[in-house]
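The structure follows.
The values are calculated or read from the model by the stated rules, or taken from the named source; none is laboratory data. None of the values given here were measured: they were computed from a predicted structure. Note that each Cβ is placed from the backbone with ideal geometry, even for glycine, and that neighbours are counted across all protein chains shown. The accessibility values were calculated without ligands, DNA or RNA, using every heavy atom of the protein model including side chains. Shrake-Rupley method; radii C 1.70, N 1.55, O 1.52, S 1.80 Å.
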Amino acid sequence: MLQKNVLDYLDSSAARFPHKLAFADEARSFTFGQLRACARGLGTALADLGPQHNRPVAVLVNHTAANLAAFFGVLEAGHFYVPLDLQMPLPRLRGILETLSPAALVYPAGEETLAQALADLCPVLCAEEGFAHPPQDALLDARRGRVLDIDPVYAIFTSGSTGEPKGVSICHRSVIDMVEQFMHAFAFADGAVWGNQAPFDFDVSVKDIFLSLRVGGRLEILEKKLFSFPKLLLERLNERSVDTIIWAAT
């Protein structure tokens, strides 16, 4: 069957490997089963905000496994996610949200003060509260049925170094085609363990996220400080049995 939604990768891996780790950072991890359950809880909470679908949802990110669960929650609601680094200056965040006019902003636990500073621009929702929301399967299935393969998966805003930041969106078909072409070219092994370096508001991270889902592998999210100390980085790669990396050269 022709895939038209990147959630097919999550569904497949959750069905095959419900108890295997999918995403992990220094402090937290999600199995495929937990990832899907949390995503559908958040997706229901977002869908409850209104009947519209295929809207942008901003996600404040701090490079954690919970950020990725939030991305998939946005997709479960029939929307597309827009990662925004929560370390950005508040005026820049506000400017992006004013341009974006999102259906909601999802923020990590502990960032309530920042979220409230943006709450006049759109509804705000704590990711953890969304994860715990009871899922409504019929609602989510109906939302998903309306998604086309040419609808966006995500949008990433440029740095704005040459002017105002601009959003660039990528559709489901483009992500699926990229994943399948990478699989054809490199034949990544089922269960491979990926090491993620790239921030989630940088498009290189998309390969890590969706290729690891495609093979039912584990994505280890490596914190930024490791890259200042190569010895610690190599120790972490060995400790977490990382065998696959796609890193941008600098």
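Go through region 59-89 and give me each residue that's of a type in the set (Val, Ile, Thr) and assigned to a loop (DSSP other than H, G, I, E, B).
Hit for region 59-89 is Thr64, nothing else.
Would you check if there is a residue in region 10-28 being assigned to a helix (DSSP H, G or I), within 29 Å of Leu233 (Cβ to Cβ) and not small (Gly, Ala, Ser)?
Within region 10-28, one or more residues are assigned to a helix (DSSP H, G or I), within 29 Å of Leu233 (Cβ to Cβ) and not small (Gly, Ala, Ser).
Filter region 178-197 down to the residues that are over 21 Å from Thr31 (Cβ atoms) and part of a loop (DSSP other than H, G, I, E, B), then identify the one that is least open to solvent (accessible area, probe 1.4 Å).
Taking the candidates together, the pick is Gln197.
Oh, and also: Which condition number in (1) touching a strand residue (DSSP E or B) at 6+ places or on another chain (Cβ under 9 Å); (2) part of a loop (DSSP other than H, G, I, E, B); (3) farther than 25 Å from Phe157 by Cβ; (4) not aliphatic (A, V, I, L, M) is the one that Phe200 fails?
The single condition Phe200 does not satisfy is (3).
So, in region 89-108, of the ones that are touching a strand residue (DSSP E or B) at 6+ places or on another chain (Cβ under 6 Å) and among the small types (Gly, Ala, Ser), which residue ends up nearest to Ala69 (Cα to Cα)?
Among those residues, the one meeting the criterion is Ala104.
Turning to a different aspect of this structure: What are the residue pairs meeting all of these: first residue in region 4-19, first residue among the aromatic types (Phe, Trp, Tyr), second residue open to solvent by less than 10 Å² (accessible area, probe 1.4 Å), Cβ atoms under 7 Å, and 6 or more apart or on different chains?
Tyr9/Phe210; Tyr9/Leu213; Phe17/Phe32; Phe17/Gly216
With the requirement that a residue be open to solvent by less than 10 Å² (accessible area, probe 1.4 Å) and either over 20 Å from Asn67 (Cβ atoms) or not aliphatic (A, V, I, L, M) (or both), what does region 201-229 give you?
Correct list: Ser205, Asp208, Phe210, Ser212, Val215, Gly216, Gly217, Glu220.
Tally the residues that are part of a helix (DSSP H, G or I) and touching a helix residue (DSSP H, G or I) at 6+ places or on another chain (Cβ under 7 Å), restricting the search to region 218-238.
Residues meeting the conditions: 5.
Pick from Ser174, Ser241: which is more than 30 Å from Pro91 (Cβ to Cβ), among the hydroxyl-bearing types (Ser, Thr, Tyr) and in a helix (DSSP H, G or I)?
Ser174
Could you check, for region 65-81, whether at least one of its residues is over 19 Å from Leu7 (Cα atoms), crowded, with 16+ Cβ neighbours inside 10 Å, touching a residue at least 12 places away in the same chain (Cβ under 8 Å) and not polar (S, T, N, Q)?
Looking through region 65-81, none of the residues is over 19 Å from Leu7 (Cα atoms), crowded, with 16+ Cβ neighbours inside 10 Å, touching a residue at least 12 places away in the same chain (Cβ under 8 Å) and not polar (S, T, N, Q).
Taking Arg40 as meeting all but one of (1) within 23 Å of Ile170 (Cα to Cα); (2) in contact (Cβ under 8 Å) with a residue 60 or more places away in the chain; (3) part of a helix (DSSP H, G or I); (4) open to solvent by 20 Å² or more (accessible area, probe 1.4 Å), write down the number of the exception.
Going through the list (1) within 23 Å of Ile170 (Cα to Cα); (2) in contact (Cβ under 8 Å) with a residue 60 or more places away in the chain; (3) part of a helix (DSSP H, G or I); (4) open to solvent by 20 Å² or more (accessible area, probe 1.4 Å), Arg40 breaks only (4).
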